[in-house]
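Asker: Handing you this structure, nothing more for now.
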């Protein structure tokens, strides 16, 4: 029984994506190849729409049961004539779609379950963009008056022990990226939005999003704040690993929100005080020189409309181990934040924060 299936495929921000090849497979047990159920594969058009034909019954695997042959029958014909094919009733039907798509001169694959009434599918990438802080960043600084709440300050919080100011650096980075992906001009007002306004609430929500659904990214910030710098498990070594992931995203034209670890805490008491001295920026491009030193261009919400804010990352040896067989050197990255080519701050390390595209409010 042939079935025709139609749908559409999109970038993570909902933009349609063309030239995506689509096939339907059935997942088999570990160690066995998945069954290709596709008869006519689909190919998405400029609107992301595709249509394919597949045969569900192709999923069923069979066993061949050999029956005893007759006397005098040639041995090489027994399997063909006396073999009995019976279906494998333990084979469960688990269909899924496989999307094969070109992206930044490479080919990638993504899979999604074939569910009832599901006809829109999203790839784990965003369309490439060109970001520039003076054009696509907010014009006001990351310094909000009031308390870290999405609404007006309640009277009982008017205490001198609670700081009446806060930052939304992660929310500003995510929102700036949201506007660019949505093809909308970012609000160019110079004043920091007041507590409870539509823009402030939007930035607050995007700040929460940047910390992860259950605050897992904040836990990672806490862990890195407590790590040493130049050891095989320290922030420099881990930053070198993080850069390899960051580089691929930037090569694809996808900016990345980075957590910058400025602070170092030796105790839980220090951590509670210092964790919010760290920061978030949006990395949008990089260059690497012949000595493997890297310059990463970032939008820093603390430095609005400045296109000359960079992270300079230089390879350093964090450990060396020598044995009779060989020697092993562990490399890390020593990082410094620069503004206009001049020293601004030391950075103990950085890592990528989660980002899922959001839809900017219609009226701000």
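Asker: Which length gain, in nm to one decimal place, applies between residue 288 and residue 27 when the Cα-Cα distance is subtracted from 0.36 nm times their residue separation? Let's see the in-between values first.
Answerer: Details: separation 261, 0.36 × 261 = 93.96 nm, distance 4.20 nm.
Stretched fully, the residue 288-residue 27 segment lengthens by 89.8 nm.
Asker: With a ≥ b ≥ c the root eigenvalues of the C-alpha gyration tensor of the range 202-341, is it rounded (a/c under 1.5), prolate (a/b larger than b/c) or oblate? Please list the in-between numbers first.
Answerer: Working: a/c = 1.92, a/b = 1.23, b/c = 1.55.
In terms of gyration-tensor shape, oblate.
Asker: How far apart, in nm, are the 7 Å Cα→Cβ label points at residue 6 and residue 327?
Answerer: 6.7
Asker: Distance between Cα centroids, the range 261-296 to the range 334-364: provide it in whole Å.
Answerer: 9
Asker: In nm, give the distance between the simple-model label positions of residue 197 and residue 93, each being 7 Å from the Cα along the Cα-to-Cβ direction.
Answerer: Simple spin-label model gives 5.7 nm for this pair.
Asker: Got a sec? How would 339, 309 order by Cβ neighbour count within 10 Å, fewest to most?
Answerer: Final ranking by Cβ density, sparse to dense: 339, 309.
Asker: Which of 179, 117 has the fewest other C-beta atoms within 10 Å, and how do the rest follow up to the most? Mind dumping the intermediate values first?
Answerer: Working: 179 18, 117 4.
Ordered from fewest to most neighbouring Cβ atoms within 10 Å, 179, 117 come out as 117, 179.
Asker: Got a sec? How would 1, 190 order by Cβ neighbour count within 10 Å, fewest to most?
Answerer: Numbers: 1 6, 190 10.
Ranking 1, 190 by Cβ neighbours within 10 Å, fewest first, gives 1, 190.
Here, each number is a calculation from the coordinates, and none is a lab measurement. Predicted model only: the values in this text are computed from it and were never measured. Virtual Cβ from ideal backbone geometry, glycine too; neighbours counted across all protein chains shown.
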